[in-house]
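**Q** Here it is: the structure, laid out below.
The values are calculated or read from the model by the stated rules, or taken from the named source; none is laboratory data. Remember, it's a predicted structure, so these values are computed and weren't measured experimentally. Here Cβ is always computed from backbone atoms with ideal geometry, including for glycine, and neighbour counts include all displayed protein chains.
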Amino acid sequence: PNADTNRLSLLAAMRHYVLPCRDDSLPKGKGQPIYLGIKASGFCLCCAMSGEQPTLQLVEKNIADLYKTPEAVKPFVFYLNQTGSTSTLESAAYSGWFISTSLYKNQPVTLTQNLRSQYNTDFFLKIENPKLEPHVST
């Protein structure tokens, strides 16, 4: 396993920050567009192509900087779709690809198109938002 795989394996146990994406031009009806950051780390989740399919990556990026950007930074945007007490997280950059965890321990968090199969795509989320410093335009 490489460093990214090890980091993504730890991801499921970490606390996350969620901030809305403020771009009104994103499609309606897919869920709430959000950015996902790892608490007190300076890292965010993003999607990028690796070979022939998108992968989930942990990238050094300040979630507040993403929030302050008026246009969506699509690789970092996920659609939060809540159904009852669980939520799914679909990539905005790669429609139909969802954040997922394995049914087995110590496996990395990944992306999948296979909902509710060998991967868990339904999550119980307790959302914490970071305190943002006021944004001043110049």
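**Q** Out of the residues in region 34-60 that are hydroxyl-bearing (Ser, Thr, Tyr) and in a strand (DSSP E or B), which is surrounded by the most Cβ atoms within 10 Å (Cβ to Cβ)?
**A** Tyr35
**Q** Please list, ordered by first then second residue, the pairs with beta carbon atoms under 9 Å, 6 or more apart or interchain, first in region 98-112 and more than 19 Å from Gln82 (Cα to Cα) and touching a residue at least 12 places away in the same chain (Cβ under 8 Å), second assigned to a loop (DSSP other than H, G, I, E, B) and not hydrophobic (A, V, I, L, M, F, W, C).
**A** Taking only residues 6 or more apart or on different chains, the pairs are Ser102/Pro108; Ser102/Gln118; Leu103/Gln118; Pro108/Pro1.
**Q** Kindly list the number of the only condition in (1) crowded, with 16+ Cβ neighbours inside 10 Å; (2) at pLDDT 80 or above that fails for Tyr119.
**A** (2)
**Q** Can you pull out every residue in region 66-86 that is among the hydroxyl-bearing types (Ser, Thr, Tyr) and either within 14 Å of the chain's Cα centre (by Cα) or part of a strand (DSSP E or B) (or both)?
**A** If the condition is that a residue be among the hydroxyl-bearing types (Ser, Thr, Tyr) and either within 14 Å of the chain's Cα centre (by Cα) or part of a strand (DSSP E or B) (or both), then Tyr67, Tyr79, Thr83, Thr86 are the ones that fit.
**Q** Among the numbered criteria (1) under 18 Å from Val18 (Cβ atoms); (2) surrounded by fewer than 20 Cβ atoms within 10 Å (Cβ to Cβ), which single criterion is violated by Ala92?
**A** (2)
**Q** Out of all the residues in region 101-120, which are closer than 18 Å to Phe76 by Cβ and assigned to a strand (DSSP E or B)?
**A** If the condition is that a residue be closer than 18 Å to Phe76 by Cβ and assigned to a strand (DSSP E or B), then Thr110, Leu111 are the ones that fit.
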